[in-house]
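Report on one structure; see the data block that follows.
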Amino acid sequence: MKTFTMPGADLQVPAVVLGLMRIAEKSDEEVRTLVRTAIDAGIDFVDHADLYGPTYHACERRFAEAMRLTPSEREALTIQTKCGIRQPGPYFDFSYEHILESVDGSLAALGTDYLDILLLHRPDALVEPDEVARAFDALHAAGKVRHFGVSNHTPGQVELLRHSVRQPLVANQIQLSVTHAPAIASGVAMNMGDLDQSIDRDNGIVDYCRLHGITLQAWSPFQARFFDGPFLGNPRYAELNTVIDRLAWKYEVPAEAIAVAWITRHPAQMQVVLGTTTPARVEAAARGADVHLSRSEWYEMFRAAGHTVP
């Protein structure tokens, strides 16, 4: 498994992350098999959120109950969780009180004294950056959170936080797959006024994160569009699947690995966040981190996914 040192943090992290948003109803053995398969594949980084349920902290609690980590096992894992989405609603809450309350809930559910990384889940239009900074300072000083980041934030939203927050923002988790790639595709088609692809919908988030040492984490790496089902094996993406199958044969890996490889090939040094609860798919996807697509192969997949290369 390809690893790298996350900028702004003292963490050696894998290129693939195990997302655990769907384990609330899984048995202890199912959770253990899933996590151990990931660890055996080199994935020692798990992603949670207080929201993942159906009730708050349910998936975090299910993870802790099933795994019953020893102190050394806990130390060997990077545990990341997120806060800021309130239910019912939904609405967003980056208040000092809610951030602290959420972290305490996550620590209790996870059965740990600290979080390696805390992300602000989705932008709060009513955010007070100084209030976020006060919460981060309190959590950091208490040893409850070691590193901080965001999810689904634009460069302007990150800059607003950075103006007040003293700790580095080490990660930004965004939706990204070869078929859902506006963060990359708009730059390729820059200044092509008659092409929808050229519209910059996120103010250059990929280049911004590269410039500021923020690790991009790609969620839904197999999702066709926004919760529109997977593209792997999907007849609507027949051309793309033909290319993926050929590359899978060439590199002697499963199709999932090629979908992951398209993301990890990008020089921004991104992490891929898996959402599957099928151990075999985790194992298959993990192999993609060690596949280095050529430029022509990367762009061939990009074109086959429906993007324009001028």
Review point. Among the residues of region 223-280, which ones are in a loop (DSSP other than H, G, I, E, B) and of a type in the set (A, V, I, L, M)?
Key: Ala224, Leu232, Val253, Ala268, Met270
Review point. Filter region 1-34 for residues that are hydroxyl-bearing (Ser, Thr, Tyr) and closer than 25 Å to Arg265 by Cα; which is surrounded by the fewest Cβ atoms within 10 Å (Cβ to Cβ)?
Key: Thr5
Practice item. Return yes when Glu283 is part of a helix (DSSP H, G or I), under 24 Å from the mean Cα position of the chain (by Cα) and surrounded by fewer than 20 Cβ atoms within 10 Å (Cβ to Cβ) and no when it is not. Key: yes
Review point. Which of the residues belonging to region 11-21 are out of contact with any Lys or Arg (no Cβ under 8 Å at 6 or more places or on another chain) and touching a residue at least 60 places away in the same chain (Cβ under 8 Å)?
Key: Leu11, Val13, Val16, Val17, Leu18, Gly19, Met21
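Residues checked against (1) out of contact with any His (no Cβ under 9 Å at 6 or more places or on another chain); (2) outside any helix (DSSP H, G or I); (3) closer than 20 Å to Val260 by Cα; (4) of a type in the set (D, E, K, R):
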residue: Asp113; (1), (2), (3), (4): yes, yes, no, yes
residue: Leu119; (1), (2), (3), (4): yes, yes, no, no
residue: Val127; (1), (2), (3), (4): yes, yes, no, no
residue: Ala185; (1), (2), (3), (4): no, no, yes, no
residue: Val206; (1), (2), (3), (4): no, no, yes, no
residue: Cys209; (1), (2), (3), (4): yes, no, yes, no
residue: Gln217; (1), (2), (3), (4): yes, yes, yes, no
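Among the residues of region 78-101 satisfying the criterion of being of a type in the set (A, V, I, L, M, F, W, C) and in a strand (DSSP E or B), which is nearest to the chain's Cα centre (by Cα)?
The qualifying residue nearest to the chain's Cα centre (by Cα) is Ile79.
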Check your understanding: among the charged types (D, E, K, R), at pLDDT below 95 and within 30 Å of Arg62 (Cα to Cα): does that describe Arg281?
Key -> no
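Against the condition charged (D, E, K, R), more than 19 Å from the chain's Cα centre (by Cα), in a helix (DSSP H, G or I) and modelled with pLDDT of 95 or more, how does Asp104 come out, does it pass?
Answer is yes for this residue.
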Practice item. Show the residue pairs that are 6+ apart or on different chains and have beta-carbon atoms under 7 Å apart, the first residue being within region 40-58 and of a type in the set (Phe, Trp, Tyr), the second being surrounded by fewer than 24 Cβ atoms within 10 Å (Cβ to Cβ) and in a loop (DSSP other than H, G, I, E, B). Key: Tyr52/Met21
Point to revise | Any hit, region 289-299, residues being of a type in the set (S, T, N, Q) and touching a helix residue (DSSP H, G or I) at 6+ places or on another chain (Cβ under 6 Å) | key: no
Revision key, fill the gap. Among (1) closer than 29 Å to Ile214 by Cβ; (2) free of Cβ contacts under 8 Å to residues at least 60 places away in the same chain; (3) among the hydrophobic types (A, V, I, L, M, F, W, C), Trp262 falls short only on (2)
Check your understanding: Of the residues Ser220, Ser198, which single one is under 27 Å from Glu297 (Cα atoms), among the hydroxyl-bearing types (Ser, Thr, Tyr) and under 15 Å from the mean Cα position of the chain (by Cα)?
Key -> Ser220
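Are any residues in region 142-161 without any contact (Cβ under 8 Å) to a residue 12 or more places away in the chain and more than 16 Å from Val206 (Cβ to Cβ), and if so, which ones?
The answer is Ala142, and nothing else.
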Exercise for review: Among the residues of region 22-39, count how many are in contact (Cβ under 8 Å) with a residue 60 or more places away in the chain and of a type in the set (Asp, Glu).
Suggested key: 1
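The values are calculated or read from the model by the stated rules, or taken from the named source; none is laboratory data. None of these values were measured; they are calculated from a predicted model. Cβ atoms come from the backbone with ideal geometry, glycine included; neighbour counts cover every protein chain shown.
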